[in-house]
Amino acid sequence: MRSGLRFARDVLLRLVLVFLAVSLCAFLTLDRPVLRQLYEATTHFGDYLTHLGRAWGMLGPTVTAAYARSMVLLVSATALGLLLGVPAGLVAGVRSSTWLGRLVAAVSNLGILTPSFLWGLAVMVFFVRYLNRYTGVQWILLRPSEELFDPRTILAPALTLAARPVAYIAHTTAAAIRDELAQDYIRTAHSKGLSRWRVLRGHLWPNAIVTVLAAANASLLFALSSLPVVEFIFSWPGVGLQLLTAILRTDAPLSALLLVSIGLTFVLTSVAVDLLAQRLDPRLRAEEGMG
Amino acid sequence: MTRLSRWIRQPALVAGTVIVLGLVLIALFPGVFAPRDPEAKGRFLLEIGGQVYAAPFPPNVLYPLGSDSEARDLLSRLMYGTRRTLGIAVSIAVVRVALGAGLGVLAGWVGGAAGGWALTLSAVSATFPSLLFAWVIILAIGPGAGFGVFIVALGLTGWAHWTQLLAIAVRRIRALPYMVAAEAVGVPPRTQLLRHVLPNLLPLIIPTLAQEVAAAMLILAELGFLGVFYGERVVINFTELLQQRATPNTLEWGGLLAGTRLEVFRWYWLPLAPAGAFFIAILGFNLLATGLRDALDPATR
């Protein structure tokens, strides 16, 4: 009970700190004399906090709509990351000494290093030059459109946003599997005559899954980092693109609310992943109980 | 086996060193490697493979990576821009590692409330995507800000995970038998930190620095693509960016990327050349970081 209260207190503290810190960033204007900055930042930020309800009333629908569109992309990208990254990581980990394992490892390393906009440009060219032409379907919006929400237009930005998560999850899964393969209990399992599939399913995967969950959480941060660039390339009217334009227009309340939505999303996702990891791995539950 | 012969057997270290050394040489002596003056404008029309083209020219014998819309050689512009881009990236990495390592050593060595707050600060900072934070800070600083302010602004992002890593490393070193012995014989804490802890953190910090240069290059590339770069403060209008327009007049790699979003369809070399340069630099520094980490790890000796 005590550890549960402490956990709740820690989560609440993180949420409040994130809310205050990211909101304050939106009110920064560092191109003026210091005292004037302090005065203006304090008054504007104080005004924003005291009239948060009114700000939300005016800007809430815009923020909510942009957030929903970005969440669709992020969830699609993370799901693709897990769907493609985990099998690729398993192959690279289990067959690390074969050409296939080395190829998957090399491609996943390259994927982590490649900037998102490069992926985005490549996907955009492929979709516009080839897929649009041969299918006759408009897969990409080259001008922002908030009225239309066509699910077909999700594919290109989701694929681009998923590139680094796929690579990172594959890389981390492979490393986790290789670490577990070196353990004595795996040698014991093989010597007992268990098939490779049973060792993978019954021993390797349950021990690697916590690492994979942590990798999924980290890949969400990669995706959040790349969100503005990807939304800009594909004119996806989500939080990233709205934030870029709001900051350029120096619309501080809208910027603050959009930044807070991103920050709180990540904190809540991290907390959810931690709780899920404790459910899946009894050793973490035991450590938490002792702590 | 000598240390050098052991290091030569590491492909990542060798490849990373070759790439980084190449970039450093180009940055220091661009005139030796570049085929042309970066500002020299060629003829507006050029015959390539029997066809006449207007600038920007595609890659050909005269312009290996193509030219921009003012018939200036892209390869030469990239080579002359290496110094500024590399200088900015290395400076950002130094600020990040100094900040992250400083707070990490504070958290691991001092501990207590100060250490707790250092870790909380890093956890809050880690929540925030680097690119967005950099965008906010850069635009809050406004146009005309100096080089130092630009570097510090970008250095304030992406340091958080090093704090946690170094805090763990310092705690691990403190628990080692020789540290316990040093404390037992009365070595002052400051001497313990300077003589025993910090030198043992170098195998962690040096590869970290290389990796952070790669991370800084990545953020410079993404900011440049969105139109924010040092050297020429360009006020970006998104309506303008969605249409085609000429790239800004700057030698910094990020600046060469600005405004190239739709030019990939007609003039693919305009975004691909600087993007390729960034990719090679990021790859080189990451390989160097991986190789150094393996080479400096005592467990592999």
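A quick yes/no check of all residues on (1) within 11 Å of chain A (Cβ to nearest Cβ); (2) closer than 30 Å to A:Val267 by Cβ:
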position: B:Ala123; (1), (2): yes, yes
position: B:Ala169; (1), (2): no, yes
position: B:Leu198; (1), (2): no, no
position: B:Pro203; (1), (2): no, no
position: B:Ala216; (1), (2): no, yes
position: B:Ala221; (1), (2): yes, yes
position: B:Val228; (1), (2): yes, yes
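Looking at B:Ala113, B:Ala118 in this structure, which one is buried (at least 20 other Cβ atoms within 10 Å of the Cβ), of a type in the set (Gly, Ala, Ser) and within 26 Å of A:Val271 (Cβ to Cβ)? Spell out the reasoning first.
On the way: B:Ala113 fails: buried (at least 20 other Cβ atoms within 10 Å of the Cβ).
That would be B:Ala118, the only listed residue that is buried (at least 20 other Cβ atoms within 10 Å of the Cβ), of a type in the set (Gly, Ala, Ser) and within 26 Å of A:Val271 (Cβ to Cβ).
Keeping to segment A:110-135, report how many residues are more than 20 Å from B:Gln211 (Cα to Cα), facing chain B (nearest Cβ under 10 Å) and either among the β-branched types (Val, Ile, Thr) or assigned to a loop (DSSP other than H, G, I, E, B) (or both).
The total comes to 2.
Residues A:Leu100, A:Leu83: which one is out of contact with any helix residue (DSSP H, G or I) (no Cβ under 8 Å at 6 or more places or on another chain) and either modelled with pLDDT of 75 or more or within 30 Å of A:Arg178 (Cβ to Cβ) (or both)?
Among A:Leu100, A:Leu83, only A:Leu83 is out of contact with any helix residue (DSSP H, G or I) (no Cβ under 8 Å at 6 or more places or on another chain) and either modelled with pLDDT of 75 or more or within 30 Å of A:Arg178 (Cβ to Cβ) (or both).
Tell me which of these B:Leu198 doesn't satisfy, since it passes every other one: (1) of a type in the set (A, V, I, L, M); (2) surrounded by fewer than 23 Cβ atoms within 10 Å (Cβ to Cβ); (3) closer than 23 Å to B:Leu21 by Cβ.
Answer for B:Leu198: the failing condition is (3).
Give the residue that is surrounded by the fewest Cβ atoms within 10 Å (Cβ to Cβ), with candidates limited to residues of segment A:222-277 that are part of a loop (DSSP other than H, G, I, E, B) and within 9 Å of chain B (Cβ to nearest Cβ). Break it down into steps so the answer makes sense when it comes.
If we filter segment A:222-277 for residues that are part of a loop (DSSP other than H, G, I, E, B), which is where we start, we get A:235-238, A:249-251.
Cutting the leftovers down to within 9 Å of chain B (Cβ to nearest Cβ) gives us A:235, A:250.
Numbers: A:Ser235: 18, A:Thr250: 14.
The extreme case among them is A:Thr250.
Any idea which of (1) modelled with pLDDT of 80 or more; (2) part of a loop (DSSP other than H, G, I, E, B); (3) within 12 Å of another protein chain (Cβ to nearest Cβ) is the one B:Leu251 doesn't satisfy?
Answer for B:Leu251: the failing condition is (3).
Just to confirm my filter: which helices (runs of 4 or more DSSP H) fall fully inside segment B:1-99 and include at least 3 residues that are of a type in the set (Gly, Ala, Ser)?
Values: elements: B:3-8, B:11-28, B:30-33.
Fully inside segment B:1-99 and qualifying: B:11-28.
The values are calculated or read from the model by the stated rules, or taken from the named source; none is laboratory data. Treat the numbers as computed from the prediction; the structure is a model and nothing was measured. Positions of Cβ are backbone-derived with ideal geometry, glycine not excepted, and every protein chain shown enters the neighbour counts.
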